[in-house]
1. Only one residue in LEU91, LEU131 is aliphatic (A, V, I, L, M) and farther than 18 Å from TYR54 by Cβ, so which one is that?
2. Output the residue which, of all residues in the range 130-142 that are part of a helix (DSSP H, G or I) and either open to solvent by less than 60 Å² (accessible area, probe 1.4 Å) or closer than 16 Å to GLU75 by Cβ (or both), is modelled with the highest pLDDT.
3. Would you be able to say whether some residue in the range 3-13 is closer than 21 Å to GLU92 by Cβ and assigned to a helix (DSSP H, G or I)?
4. Any residue at all in the range 107-117 that is aromatic (Phe, Trp, Tyr), modelled with pLDDT under 85, surrounded by 11 or more Cβ atoms within 10 Å (Cβ to Cβ) and more than 19 Å from ILE44 (Cβ to Cβ)?
5. Quick one: in the range 59-71, of everything that is open to solvent by less than 80 Å² (accessible area, probe 1.4 Å) and not in a loop (DSSP other than H, G, I, E, B), which residue is nearest to VAL12 (Cα to Cα)?
6. Look at the range 72-126 and say how many of its residues are in a helix (DSSP H, G or I), over 15 Å from the mean Cα position of the chain (by Cα) and hydrophobic (A, V, I, L, M, F, W, C).
7. Look through the range 1-55, keep the residues that are within 12 Å of the chain's Cα centre (by Cα) and hydroxyl-bearing (Ser, Thr, Tyr), and return whichever of them is surrounded by the fewest Cβ atoms within 10 Å (Cβ to Cβ).
Amino acid sequence: MREVQWTDEMSVGVDVIDEQHKMWLQHLNDLTKSLEAHHGPAKIVKTLSFLIEYTHSHFSTEEKYMVANNYQGLEHHKRKHEEFRTTLGNLEEDFREEGATHALADSIDILLVNWLIKQMREVDMELGTFLKNGGIIVTEEG
């Protein structure tokens, strides 16, 4: 499985969102390393659970800014978030049922990494452009 490194091309230009994306990548990389190293189920569950919780938190942050700034792409963006939540939930269920299999590792590599990179480069980039062009300042405190 490949480790995903942050690049400037992934930046949406909004500090809060970029920092959360960096943290997300770090934990996704931690999960892939745990699977590759065949860490025990407790370590993998802990890392996967954190990734799921962090995903919910990050999506809530983005959605809060979309609502507050009347972002017209809100419903589309929320649907993308829901798709990802479903994918994460399915992966967590697979892990709980079957353990750390090669299929799970491949799914994480293909589904999560590809989805995340595409989401950041396309959908989140549109949000970042909207926020920057509107002169909207997004702060950690919101």
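1. Details: LEU91 fails: farther than 18 Å from TYR54 by Cβ.
Result of the check over LEU91, LEU131: LEU131.
2. From the range 130-142, those part of a helix (DSSP H, G or I) are 130-133; that's our starting set.
This time we only want the ones that are either open to solvent by less than 60 Å² (accessible area, probe 1.4 Å) or closer than 16 Å to GLU75 by Cβ (or both), so: 130-131.
Details: PHE130: 88, LEU131: 85.
Per the criteria, the residue is PHE130.
3. no
4. Of all residues in the range 107-117, those aromatic (Phe, Trp, Tyr) come to 115.
Of the ones still in play, those that are also modelled with pLDDT under 85 are 115.
Cutting the leftovers down to surrounded by 11 or more Cβ atoms within 10 Å (Cβ to Cβ) gives us 115.
Right, trim to more than 19 Å from ILE44 (Cβ to Cβ) and you get 115.
Yes.
5. Here the answer is GLU62.
6. Count: 5.
7. TYR54
The values are calculated or read from the model by the stated rules, or taken from the named source; none is laboratory data. The model shown is predicted, which means the values in this text are computed figures rather than measured ones. Cβ coordinates were reconstructed from backbone atoms using ideal geometry, including for glycine residues, and neighbour counts include every protein chain displayed. In case anyone asks, the SASA skips ligands and DNA or RNA and just uses the protein heavy atoms, side chains included. Shrake-Rupley method; radii C 1.70, N 1.55, O 1.52, S 1.80 Å.
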